[in-house]
Amino acid sequence: MSNLEQTFPLLKVLLVMIVPLTIDLPRSIFKALALLAAYVKRNWHKRREGVVLRYPFLSVIVPAHNEEDLIERCLEALISVNYPRLEIIVVDDGSTDKTYEKASKYAVRGLIKLVRREKTSGRKAIAVNHGLKFTRGDIIVVIDADTVIGKDSLTEVIQPLLEDGVGAVAGNIRVLNEKENFLTKLQSYEYMLAMEVGRLLQSMANLLLIVPGAFGAFRRRIVEGVGEYDVDTITEDFDLTIKIHKVKQAVRFAPNAIAWTVVPATWRGWVRQRVRWAKGQIITLAKHWNLLFKARFGRVGTVGVPDMIFMDVVLLFLRIAWIVLVLFFSLISFSLTSLMVFALIVTFYMVNELIVTIPCFLYIEGWRGLKRLAYAPLMVLLYRPLHSLVRLKAYLEALVRKETGW
């Protein structure tokens with residue numbers, strides 16, 4: 001052991017832990033405090049339940065491609081909602097299964113409008129834009145065919161749109177098939193932490209960047225004003241949200257507008273989905289580079305998008321480089337100290353996980369939500385490292401412009 005290590009053992013620890021201590025821990029503490037503020041706000045400023053100023057006419061678009069196993073469940077939920085004025089437009093985008101036949105049963109009863117494209121477009125954005133031609137509502141709601149909404153979710157999702165200056169609202173997406181297997185349980189954990197609480201905190205700071213394609217609501221005139229959905233990206237929901245921000249319209253999150261979606265139940269399907277998400281993210285960020293650090297776009301330009309680039313892209317490469325360096329120096333001088341370093345890193349990330357997840361699950365589900373903490377070690381040691389590798393793969397594929405469709 002060198003004199004430096006003998007004299008300054010703490011210095012070595014700090015150098016090893018520089019990434020977690022300077023980036024991960026401060027953000028986790030901030031999220032926990034922000035969630036506490038959200039809890040206080042929710043309980044001190046409860047709005048009167050069921051009070052709606054008006055019921056604007058809604059046009060609900062359901063794009064579908066080979067969804068024969070799920071389309072009926074989606075439509076049954078839609079026709080059962082507690083909302084008096086709406087139309088439902090299903091766009092069958094060249095399905096080769098029985099999606100069209102199953103949706104037809106609802107069309108002949110006058111419950112939906114059914115539009116069929118004989119040949120698949122290969123892009124959800126094209127299917128939604130096609131559906132827009134058949135809509136009449138001032139507010140457009142887009143719902144994926146593998147998604148089931150709650151009875152009051154349409155009422156809830158329009159609440160923020162009743163305010164002037166709000167152009168879009170993100171619904172609250174949870175996992176429908178959570179109990180199917182181990183992987184779906186991990187994704188349910190992730191959805192609550194990263195998507196539900198993450199969008200809540202982003203909305204509080206006026207930094208919400210993605211209205212999920214599974215369930216979102218938009219002012220029709222805003223969607224038409226920004227040129228509808230662009231077809232040059234596979235993350236059309238992210239792209240449209242950025243365009244709405246560019247015309248200085250606010251984007252909100254409706255936590256009580258709950259919808260349950262089917263997530264991949266196989267690792268192969270999960271990898272495919274996450275590659276598409278990450279690839280589309282990097283392509284959309286590159287497309288809207290002119291938004292970066294521009295004060296005229298408000299916090300989204302000066303904070304939101306730069307933060308996404310740093311946390312999702314830059315930090316991914318930085319973290320991989322950090323791990324490689326730690327492994328390299330540990331292997332060339334393997335000792336008991338090396339094992340202690342790894343134990344320290346794992347312990348840190350477990351504690352860091354609990355700092356965020358405990359208040360998160362308490363906020364969403366109360367004390368019964370704490371049972372989800374049993375999955376925390378698997379998230380830290382398995383799920384998130386795998387997700388990082390998948391995102392790395394996607395970013396590299398985006399650089400060579402490898403195509404991805406539905």
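Listed values for segment 25-31 are Karplus-derived 3J(HN,Hα) couplings in whole Hz (6.51 cos²θ - 1.76 cosθ + 1.60, θ = phi - 60°), namely 5, x, 5, 5, 5, 4, 4, and x replaces Gly and Pro.
Does anything in segment 154-173 have its amide N under 14 Å from the 7 Å Cα→Cβ label point of Val247, and if so which residues? Inside the label zone: 165-169. Classify the chain from the C-alpha gyration tensor, please: rounded if a/c falls under 1.5, else prolate or oblate depending on whether a/b exceeds b/c. Verdict is prolate for the chain.
For segment 171-267, applying the loop criterion from DSSP together with a ceiling of 15 other beta carbons within 10 Å to the trypsin sites (Lys or Arg not before Pro) yields Lys179, Lys248. Under 12 Å between alpha carbons, and skipping anything fewer than 8 positions from Lys113 in its own chain: which aspartates and glutamates qualify? Correct list for Lys113: Glu87, Asp92. Between Leu33 and Lys98, the distance separating the two model label sites (each 7 Å from Cα on the Cα→Cβ line) works out to 5.7 nm. In this structure, the amide hydrogen of Ser95, modeled 1.01 Å from its nitrogen in the peptide plane, lies closer than 5 angstrom to those of Asn66, counting only residues at least 5 positions away or on a different chain.
Summing charges over neighbours of Gln187, with a neighbour being any other residue whose Cβ is under 13 Å away from its Cβ, gives +2 when K and R count +1 and D and E count -1.
In the chain, helices alone account for a calculated mean residue ellipticity at 222 nm of -14500 deg cm²/dmol, with every DSSP H run of four or more residues adding -39,500 (n - 2.57).
Would you list, by chain and number, the aspartates and glutamates whose Cα falls below 14 Å from the Cα of Lys294, excluding same-chain residues fewer than 8 positions away? Within reach: Asp307.
Which entries of Lys179/Lys371; Lys41/Lys179; Lys105/Lys133; Lys31/Lys279; Lys98/Lys179 show an alpha-carbon separation above 24 angstrom in the structure shown? The answer is Lys41/Lys179; Lys31/Lys279; Lys98/Lys179. Between Lys151 and Val351, the C-beta separation translates, for a Förster distance of 45 Å, into a calculated FRET efficiency of about 0.65.
Once R0 is set to 22 Å, what does the formula 1/(1 + (r/R0)^6) return for the Cβ-Cβ distance between Glu72 and Glu365, expressed as a FRET efficiency to the nearest 0.05?
That pair, Glu72 with Glu365, gives E of 0.15.
Extension gain for Ile18 to Leu373 (0.36 nm times residue separation, less C-alpha to C-alpha distance): 125.2 nm.
As a proxy for reagent exposure, Val231, Val108 were ordered by neighbouring Cβ count within 10 angstrom, fewest first; the result is Val108, Val231.
No value in this document is a laboratory result; all are computed from the given coordinates. Keep in mind the model is a prediction, meaning the values are calculated, not measured. For neighbour counting, all protein chains shown are included, and Cβ atoms are generated from backbone atoms with ideal geometry for every residue, glycine included.
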